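> Have a look at the structure that comes next, please.
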Amino acid sequence: MKHFTSVKQLGDLSEAFKKARYVKENPFADQELGRNKTLLMIFFNSSLRTRLSTQKAAMNLGMNVIVLDVNQGAWKLETERGVIMDGDKPEHLLEAIPVMGCYCDVIGVRSFARFESKQDDYEEVILNQFIKYSGRPVFSMEAATRHPLQTFADMITIEEYKKKDRPKVVMTWAPHPKALPQAVPNSFAEGMNLTDYEFVITHPHGYELDPEFVGKAVVEYDQKKAFEGADFIYAKNWAAYSGDNYGKVLCTDRAWTVDAEKMALTDNAFFMHCLPVRRNMIVTDDVIESPQSIVIPEAANRVVSAQCVLKEILSSL
Ligand code: AN0
Ligand code: CP
């Protein structure tokens, strides 16, 4: 594996799950693989889980780790080519990227959708510049359109908890006060489309995702109907994708909040969320604290997904 930007690059899924089980049971088996290799993690946006779990995964593989928060302590970076740089940004990404590449062997990048240009976001302009100019293998730690390390961890978690071969997985939109990217739901849908699970997406009108990611999912606008018989409820907010509403918050209706009454319609479903989660907006306290909530083991699997991906990248250096 050279670069990792989508769960589609995992290849054969049953092989990937087998490797994940091995990594989980033998976290320190490959300490030599990363010896004297340096991971540089670059954050354009905040993070708790990705930062800690990816660093832990790298340490399990014997790597050295450098973390750069671009917006805290580094020079502000211009990202557009052709700009006369007489403003507040003293450095251009086109120098910064190859320089960063000189100091490491592998680069992880977090760069959310900026909602300024749908085209730039969906062409993954920032992530692709790292791929093009760093000279290093690059992996996504949530880019504009996907969050593959999260999705892989979600898929490992579903494999661990599922009670039937083809569980019914329901991804539900839920309210949030701020505009959030579509990366997590896009990526989760992309992952579910790689499986043979029954996959349903439910959201209010206006929140349709890019059809490329929806794939063969059933879209059900009636949330309660969608929940019927579900084995997993995967909650997430996202801002609108379609047309002129791109990046807008169209609805904050708490009738969409996941609560115990709706969970009662499911087949005793497990509750999942990538976190961070706003309680009593996305999900009620009692649901996230219930025994059916698996948000913590889901977050724990972020080490496993990151370690599997780093292992593949290190093996191909
Ligand atoms: C981010 C998002 O929705 O993409 C990160 C989730 C992993 N969430 C927030 O910014 C709250
Ligand atoms: N789920 C996730 O990626 O969390 P962070 O934003 O805290 O890294």
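No value in this document is a laboratory result; all are computed from the given coordinates. The shown structure was predicted, so the numbers you read here are calculated from the model rather than taken from an experiment. Ideal geometry is used to build each Cβ from the backbone, glycine not excepted, and the neighbour counts take in all protein chains shown.
> For Cα pairs less than 8 Å apart in space and 6+ apart in sequence, what is the mean separation divided by the residue count of the range 17-167, i.e. the relative contact order in percent?
Relative contact order of the range 17-167: 21 percent.
> Using only Cα atoms, find the angle between the long axis of helix 148-161 and the longest principal axis of the chain, and express it within 0 to 90 degrees, rounded to the nearest 10.
So the helix axis and the longest Cα principal axis differ by about 40 degrees.
> Can you give the longest run of the chain that contains no GluC sites (Glu not before Pro) sitting in a DSSP loop with at most 13 other Cβ atoms inside 10 Å?
Of all site-free stretches, the longest is 124-288.
> Same structure, new question: How long is the range 148-298 along each principal axis, judged by its Cα atoms, biggest number first, in Å?
Extents along the principal axes, in whole Å: 42, 32, 28.
> Work out the charge dipole of the range 131-219 with +1 on the Cβ of Lys and Arg and -1 on the Cβ of Asp and Glu about the Cα centre, then indicate which of Pro175, Pro137, Leu194 is farthest towards its positive end.
The residue sitting farthest along the positive end of the dipole is Pro137.
> Whole Å is fine, so just give me how far the alpha carbon centre of the range 1-39 lies from that of the range 205-257.
About 31 Å separates the Cα centre of the range 1-39 from the one of the range 205-257.
> Using 0.36 nm per residue of separation minus the Cα-Cα distance, give me the extension gain between Asp267 and Arg254 in nm, one decimal.
Gain on stretching Asp267 to Arg254: 2.4 nm.
> So for His273, His3, fewest C-beta neighbours within 10 Å to most, what's the order?
Fewest-to-most ranking of His273, His3: His3, His273.
> Given the options Leu94, Leu48, Leu250, state which has the largest fluctuation in a GNM of the chain using a 10 Å cut-off (strictly under) for Cα springs.
Leu48
> Right, next: Rounded to the nearest 500 deg cm²/dmol, what is the calculated helix-only ellipticity per residue at 222 nm for the chain, with -39500 (n - 2.57) per DSSP H run of length n ≥ 4?
The per-residue figure over the chain is -10000 deg cm²/dmol.
> Under a point-charge model restricted to the Cβ atoms of Lys and Arg (+1) and Asp and Glu (-1), what is the dipole moment magnitude of the chain relative to its Cα centre, in debye to the nearest 20?
640 debye
> Then there's this: Among the aspartates and glutamates, which have Cα under 15 Å from the Cα of Lys76 when same-chain residues fewer than 8 positions away are ignored?
Candidates past the 8-residue exclusion: Asp86, Asp88, Glu91, Glu95.
> Enter the angle in degrees (range 0 to 90, nearest 10) between the Cα long axis of helix 13-25 and the first principal axis of the Cα atoms of the chain, meaning the one along which they spread out most.
80 degrees
> Compute the Rg/Rh shape ratio of the range 1-158: radius of gyration over Kirkwood radius, all on alpha-carbon atoms.
When Rh is taken as the Kirkwood radius, the ratio is 0.98.
> Give the calculated FRET efficiency between Lys162 and Tyr103 to the nearest 0.05, with a Förster radius of 35 Å applied to their Cβ-Cβ distance.
0.25
> Given the convex hull of the Cα atoms of the chain, what is a quarter of its surface area in nm²?
Seen from a random direction, the Cα hull of the chain projects 16.0 nm² on average.
> A further question follows. Please give the helix 183-193 orientation as an angle from the longest Cα principal axis of the chain, in degrees from 0 to 90, rounded to the nearest 10.
70 degrees
> Now for a different question. Please sort by residue number the trypsin sites (Lys or Arg not before Pro) in the range 51-158 whose DSSP state is loop and whose Cβ has at most 11 other Cβ atoms within 10 Å.
Lys76, Arg81
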